[in-house]
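Scroll down for the structure; my scribbles are underneath it.
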Amino acid sequence: MRFQRFILALLLTLVPACVAWAAEDHGHAASASHKAERTSGLPPAAPVLFKVPLPVTDSVLPVTNSMVLTWVVALAIILGAQLAMRRSAMVPAGAQNFWEWMVDGLEGFLAGVIGKHLVEKTFWFFGSLFIFIVITNWSGLFPLVGTVGWGYAQEGHGFHVSEPLLRGAHADFNMTFAMSMVFFALWLIWAIQENGVVGFLKHLFAPKGATSGPLLALMVVVFFAVGLLEVVSIVFRPVSLSFRLFGNIYAGENMLESMTHLGGPMLGWLTALPFYFMELMVGLVQGLVFMLLTAVFTLLICTHDESHGSHGDEGGHSGH
């Protein structure tokens, strides 16, 4: 059952690649303009490889190189999990042992952060999110990603690929933003499930602590203002999550390309080698940061006032 949930979550990762399809048209125009300028470096917008007509409507779905890599990675993870668990045994070995070690390790780690109750409800998403982000980040470092495609010759620097066939998925802001919006929708569902609609609003706007008389009226005004600030903070969380992941991966890919050019056609691989291993670490850390931030955001809204001091043991759910 656990691996079925993982597959469901990985299929859910295909949604962000399609959610922002309207933005890809603008990205393609920006990419074409960038190509015309013939500047080096990774273009901010992912180039559109082809367009798929949508049935019934007159619209089309632009398919970018970052979307293709997203689908390839998701399919590889799903097939890997299915093959590893095809003949599961009580005493795991080989691929099954690796998958169970990874899943159990992630589950235990998250249980220590957000509590057992929330892990049982949300681990299918957070665990899959971490695995997907890390493998997607690392797949962007494969030799054929970003180096095979269409481009032009640069004097003294060889051939520059301006429109690669494959591109790191998280070096495309459309992907990171849509992924953050999927989390935001789930966060809202989990918050209402744990608190109810009235409890959710009280969590944001109601006064905290025991007060009475004139002080209570003052606290109502103060906490209502604080609640409005909290709403603004919540609304901007998908933006901050998106830019953090996108900025680190996009900057890393540009740095690798700059180091490759610095060494020239013959020694470019050598000058980029130390930064390549650093990007492996960055890819892991960014997956961990994204998972932890989303998990903690969920914990904060699902923790009840009377259990702030004990959510480590009971997942902030002692009121249930």
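Laboratory data are not the source of any read-out in this text; all were calculated from the coordinates shown. Source: prediction; values computed, not measured. Ideal geometry is used to build each Cβ from the backbone, glycine not excepted, and the neighbour counts take in all protein chains shown.
Can you pull a Stokes-Einstein diffusion coefficient for the stretch 33-137 at 4 °C (1.567 mPa s), Rh from Kirkwood over Cα pairs, as a whole number of µm²/s?
75
Given 0.36 nm per residue, what is the gain on full extension from Phe205 to Leu186 after removing their alpha carbon distance, in nm?
Values: separation 19, 0.36 × 19 = 6.84 nm, distance 2.12 nm.
That works out to 4.7 nm of additional length.
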>> Counting other beta carbons within 10 Å of each residue's own, what order do Trp101, Trp124 fall into, fewest first?
In response: Trp101, Trp124
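Summing +1 for each Lys or Arg and -1 for each Asp or Glu, what net charge is found among the other residues whose Cβ lies under 15 Å from the Cβ of Leu166?
-3
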> Can you run phi through the Karplus equation (6.51, -1.76, 1.60; θ = phi - 60°) for the stretch 177-190 and list ³J(HN,Hα) in whole Hz, with x for Gly and Pro?
Replying inline: 5, 5, 5, 5, 5, 4, 4, 4, 5, 5, 4, 5, 5, 4
> Based on the alpha-carbon gyration tensor of the stretch 255-301 and its eigenvalue square roots a ≥ b ≥ c, which shape applies: rounded if a/c is under 1.5, prolate if not and a/b is larger than b/c, or oblate?
Replying inline: prolate
>> Net charge around Trp187, counting only other residues with Cβ within less than 13 Å of its Cβ (Lys, Arg = +1; Asp, Glu = -1)?
In response: +1
> Can you give the FRET efficiency for Leu218 and Met281, using 1/(1 + (r/R0)^6), R0 = 56 Å, r = Cβ-Cβ distance, to the nearest 0.05?
Replying inline: 0.65
> Let a ≥ b ≥ c be the square roots of the eigenvalues of the Cα gyration tensor of the stretch 87-142; is it rounded (a/c under 1.5), or, if not, prolate (a/b larger than b/c) or oblate?
Replying inline: oblate
> Ordered by residue, what ³J(HN,Hα) values in Hz, to whole numbers, does the stretch 277-292 give under the Karplus form 6.51 cos²θ - 1.76 cosθ + 1.60, where θ = phi - 60° and Gly and Pro are x?
Replying inline: 5, 5, 5, 4, 5, 4, x, 5, 5, 5, x, 5, 5, 4, 5, 5
>> Check which residues have an amide H placed less than 5 Å from Leu61's amide H, if you skip close sequence neighbours.
In response: Val52, Leu54
>> Using each residue's phi in the stretch 123-139, evaluate 6.51 cos²θ - 1.76 cosθ + 1.60 at θ = phi - 60° and report the 3J(HN,Hα) Karplus result to the nearest Hz, with x for Gly and Pro.
In response: 5, 4, 8, 5, x, 5, 4, 4, 4, 5, 5, 5, 5, 5, 4, 5, 5
